Structure formats: structure tokens, C-alpha cells
Amino acid sequence: MKKGTAISIFLILILVSWIPTISSDEPVFSTTLYVGGSGPGNYTHIQDAIDDASNGDTVFVYSGLYIGTTYVNKSINLIGEDKNNTIISKGQKDDVITITASNVFFSGFTIRFSTTHFAGCYVQGADYCIIDDNIFENSYGCGVWVTSDYNKISNNIFLNNSESGIVVAGYNNEIFNNFVANNGLYGIEVHHSSNLIYHNSFINNEINHKNHYGTSQWYNDTLNEGNFWSDYEGVDENEDGIGDTSYNIGNSDADDLYPLMNPLLPPDMNFVNQSTHDRGFPIRHALDGDWAAAQSFCLNIAQTRCEIYLRKFGSPEFNLTVELRQNHPEGLLLDTLIFTPEEIPTDWDWLNLDFEDFFVEDETEMFIVIPPAPSGVTTSFGYEWGYAFGNKYDDGSFWFTRDGGGLWRDLPTMYEFVFRTYGYT
């Protein structure tokens, strides 16, 4: 039995139940072909599995890095095991994924490094396709380029592509629930009419939108909700989450009448994941000093939360305070979390730091800071933050003080603290 067969069948049953009916000739699910993994008969290359598939089949791809251009010329379901770890990267000049068959369901991948003027995923003349829950990042061209009708582009992340995030050159396409940020040309380009675009977050793209011609609808008229635009300058006097004035699309008869005041963030993605060691740095007040610690790291777009690896020792007399600061351990304070001694484990474990979500400029240096113990502490009991040992994360470093914060010292290559970050880089 192939590895992961039971899981895959379960996933497919779920997918069958929720894939929307967008065509009268919906694909029929039959055989599942496996790529990667360790099962007998599994394919090594995605293209080989597609070539052997028939209309209605599913090609399930295990996590891994797959190099080369992929052509989907059959009405199949191409599904990755985990979008963060099932990666397709081009190996030659072309689009990374080209879809020429209608009724294709494409989900669960990270797509990288298309060539200039090419796309991470090119839907070429294929109708009724669904591009759902993928990451399109760091391409020299655009993320997705659609030249057909009645397709759905949903729940994807478009980050740091040199050209546009999404290009739509067809009619009656639905684009919703996408996170589109830091793309070098436009967040979205639309070339034709009658497309429906809503619940997307367009953030810090060189230009967030371009409507070349035609009239599309930039909001959902059932929900009376549109998109989030980082350059929207309107206000929300009644605090209902919808801007009081429309967002001008430009070169279009239809503006976004219901611009969202807050972005719709996709689920967390893990970008830093330090290895753990059950040894650490003390956070305490003792005869040899008032010890405190900080770890720096860099962001490109947004931070949602962090985790740090620590424990308490003895019976601390003070709460554990964790701060998020900018540019220095005593820099701009962005958020503060306070934990009682009862909330901190005696054994080593991860502590979730659910900081406020926020957006930053590129390569902003952030600091997780555990400040010195308050005055009046009479024992040396406290907390211990785990070491990562060595320079495990190039964009950050270990900071500490033992004089109550009067002098913070940076050890950029000797140590680091164990931490994880979740957000969008």
C-alpha cells in the first residue's frame, strides 16, 4: 500500500464535497497517482504522473522540491501535500505551471522563480479551473496569469514577485480571499470585463491595481464587502469595518464601493524555526546582576505571532514580561504580553506569543525582549530562555544585559535564543 494512501483518500473525499460546481461537465474522480514519498510505484517527477493520468484522476504530490516546468493538459486534480513544503521551481525559461485543460483543480503548492514576463501559473485558454490555497513567491514574472473564463483564484498568497501578483485577461473569473503583497508591478491587473473581485488584501505592491479596460465588479454585492487596499485613505466613522467612501480603481466605471478597513490575513506561515536545547539564559535578579535577554530578527511584511522556548526555575516572585520592540531592545514598543509564574512550565516547552498583527517596511529589525525583573525581588528564582547555540539565523542575534537594562550587549555569532516566528516575509 502506498505511503499516505489513507490520508490522501480522506483529503480527496473532502475535496469532492466542497469543490464548487462551476461546470456542467465536472471532473469525475477515479485513480490517484502519487509523486514523491516512499511508496512502491510512486513517481519521481510530477510531469510523468500527469502524462500517465486520465481526465478525472488525481495526482497527489508529497512534500519536497521539484525542479522544472510542468504542463497540465488534462482535466485532473493536482494536489500538494503541504503548500509550505511542496515546492515547484522552474528549471528553464518558461512558466512554472502551464494549464491548458479545463476543469483542473490545482492546490497545495509553493511556486517560485518563473522567468521575467512569464508566470508562476499560466492558465492558457482553459475554463472552469480552480487555483486554490497556493503560495506564489519570488518569481521574476507574475504569480498567476489567466487568459480564459469562469476560473476561480482563491485563498492564495502572492509575495515578492518581480511583476504583478495576479493578471486576469478573461471574462467571468472570480478572484477572492487572496493575500497579495510586495509585488513589483501591480497587485492585480485586469484586462477584460465581468470579473468578480472581493475579499482580497492588496498590501504594499508597487501599484495595488490596474484596470486596463472593461468593467469588473470589485466587491461582493451580497455581503456588501470589497477588498483591503493598503493605500486607501478613507475613514470608517461608524466602525463597521467598511470604508465610508469608495476606493477608486481607475480607468473603470466600477470602483470598490465597500473597501475593507482591515486586511484578511491567511493562516500563519512559519519562517524561523530554531532547534531546541534544554539549556538556557537566566532571566532573574541575583547577586551577580539583573539579567534580561532579547533576540533580534527581520521581517519583510507582517508579523502575527512568535514562540520562545523556555521554562521557569524555582518559584519566581515576578511575572514574565515579553515585549516586541523595533530596532533595539529599548526601541519602539509595539506590544507587551505578561504571564504569571503559574502559566510558565517547569519543564522546557514552547510559549506562544500572540502579538498584535501589524505591517512593517521591508527588512525591519524586530526584537523579542524579556526585560529585567522589577525592583524588590528577593530571590534568584526566575525564568530561563533556551539557547540555540551558534549563528542559526543569519538575520538575527542574541542580546543580553545584567545591569537592569543600562547596557545591552550584542553577541551576533556566539549564541542565539530559540524562537519561532509566524507571519509573512
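Coordinate-derived values only; no laboratory data. This is a predicted model, so every value here is computed, not measured. Reconstructed Cβ throughout: ideal geometry from the backbone, glycine too, with neighbour counts over all protein chains shown.
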Could you calculate the contour length gain from GLU343 to SER230, that is, 0.36 nm times the residue separation minus the distance between their Cα atoms, to one decimal place in nm?
37.0 nm
Explain nothing, just the number: relative contact order of the range 211-345, from Cα pairs under 8 Å at least 6 residues apart, as a whole percent.
15 percent
Within the chain, helix-based [θ] at 222 nm, where runs of 4 or more DSSP H residues each add -39,500 (n - 2.57), nearest 500
-1500 deg cm²/dmol
What percent antiparallel are the DSSP beta bridges of the range 155-259, to the nearest 5?
10 percent
Given 20 °C, 1.002 mPa s and a Kirkwood radius over Cα pairs, the Stokes-Einstein diffusion coefficient of the range 259-370 in µm²/s is 137 µm²/s
Number of Lys pairs in the chain closer than 23 Å at Cα, excluding neighbours under 8 places apart unless interchain, is 8
Cβ neighbours within 10 Å, averaged per peptide: list 328-335, 99-106, 61-68 in order, most packed at the top.
99-106, 61-68, 328-335
Could you point to the label whose value was computed as Rg/Rh (Cα atoms, Kirkwood Rh) for the structure here, given (i) 1.04; (ii) 1.01; (iii) 1.85?
(i)
Which order do the peptides 289-298, 45-54 come out in when sorted by mean C-beta neighbours inside 10 angstrom, highest first?
289-298, 45-54
Going by amide H atoms built from the backbone, whose H comes under 5 Å of the H on ALA286, apart from near neighbours?
TRP291
Angle check, please: helix 5-18 long axis (alpha carbons) against the longest principal axis of the chain (alpha carbons), in degrees 0 to 90, nearest 10.
70 degrees
Amide H to amide H, which residues 5 or more places from GLY382 or on other chains are under 5 Å from it, using H placed in the peptide plane?
PHE313
So in the chain, what percent of DSSP beta bridges are antiparallel if you round to the nearest 5?
45 percent
Applying the Karplus parametrisation 6.51 cos²θ - 1.76 cosθ + 1.60 with θ = phi - 60° to the phi angles of the range 186-201, what ³J(HN,Hα) value in whole Hz is obtained for each residue in order, glycine and proline being reported as x?
10, x, 9, 10, 10, 10, 9, 9, 6, 8, 10, 10, 7, 6, 9, 10
Choose one of GLY406, GLN303, TRP348: the residue whose Cα lies farthest towards the positive end of the charge dipole of the chain (beta-carbon charges +1 Lys, Arg; -1 Asp, Glu; about the Cα centre).
TRP348
